[in-house]
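Just so it is clear, none of the values below were taken in a lab; they were calculated from the coordinates. It should be emphasised that the depicted structure is a prediction, and the values quoted were computed from it without experimental measurement. Using ideal geometry, Cβ is built from the backbone for each residue, glycine included, and neighbour counts are taken over all protein chains shown.
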Amino acid sequence: MQAILGAFWQIALLRQGPEDLPDSQFLFAFAALLYIGVDMLVIVALYPAQSYVQLLLADVLLLGAWATGLLAVFSLLSRARRTLTALLGAGALLQVLVLPLSLLPALLPQVIRILLLVLVLLWSVAVYGNILARALSRSFGIGIAFAVVYFILSYEMVGQLIPAN
């Protein structure tokens, strides 16, 4: 378990990429369950109860469809499992950083909390960009561009799924 989390942490630190992971169904399933579990905790902390399942499904499906779609466009579908494993595993670790900021908002002044959330978002863009760049055999800049588009789509999707007050 420590080795698996260590591999995801190395990816989150931009030291490794999906090519450094084994092409393993078990590792993919572990990363998916980890991501879904942590994502659900963040969703419960931030969003209304009637949106939980929709947001969780939409988040996981968007990430999977975006990464798989990009790999298909570049004829690199053979890299899908490793790429998704890296995105889900590193994404789960980054969500763990968001979790305390979501669960305990009163502990920090709002401006500090927002700053920390923006820093985690920027780090997430860098991590996802690095993973996508390496999976697609493209430059880091291209990977960042694809990651930015993914996060814009993700935030737009959340805006569409959350009921207006």
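Mean-square fluctuations from a GNM of the chain, with a 10 angstrom spring cutoff on Cα atoms, peak among V149, V73, V125 at V73. Working from the Cα coordinates of the stretch 2-161, the gyration tensor eigenvalues give, after taking √(5λ), semi-axes of 25, 17, 16 Å in decreasing order.
Within the listed set P22, P109, P48, the Gaussian network model of the chain (springs between alpha-carbon atoms below 10 Å) gives the highest mean-square fluctuation for P109. Straightening the chain between L62 and L107 buys 13.0 nm, computed as 0.36 nm per residue apart minus the Cα-Cα spacing. Per-residue Cβ neighbour counts within 10 Å put L5, L94 in the sequence L5, L94, beginning with the fewest. The helix-only estimate of mean residue ellipticity at 222 nm for the chain, built from DSSP H runs of length n ≥ 4 each weighted as -39500 (n - 2.57), is -27000 deg cm²/dmol after division by the residue total.
Here the calculated FRET efficiency for I142 and L116, from their Cβ-Cβ distance with R0 = 35 Å, stands at 0.80, rounded to the nearest 0.05.
The angle between the Cα long axis of helix 52-73 and the main principal axis of the chain comes to about 30°, on a 0 to 90 degree scale. Principal-axis analysis of the Cα atoms of the chain puts helix 140-161 at an angle of about 40° to the longest axis. Relative to the longest principal axis of the C-alpha atoms of the chain, give the angle of the C-alpha long axis of helix 2-12, reported between 0 and 90° and rounded to the nearest 10°. For 2-12 against the chain, the angle is about 90 degrees.
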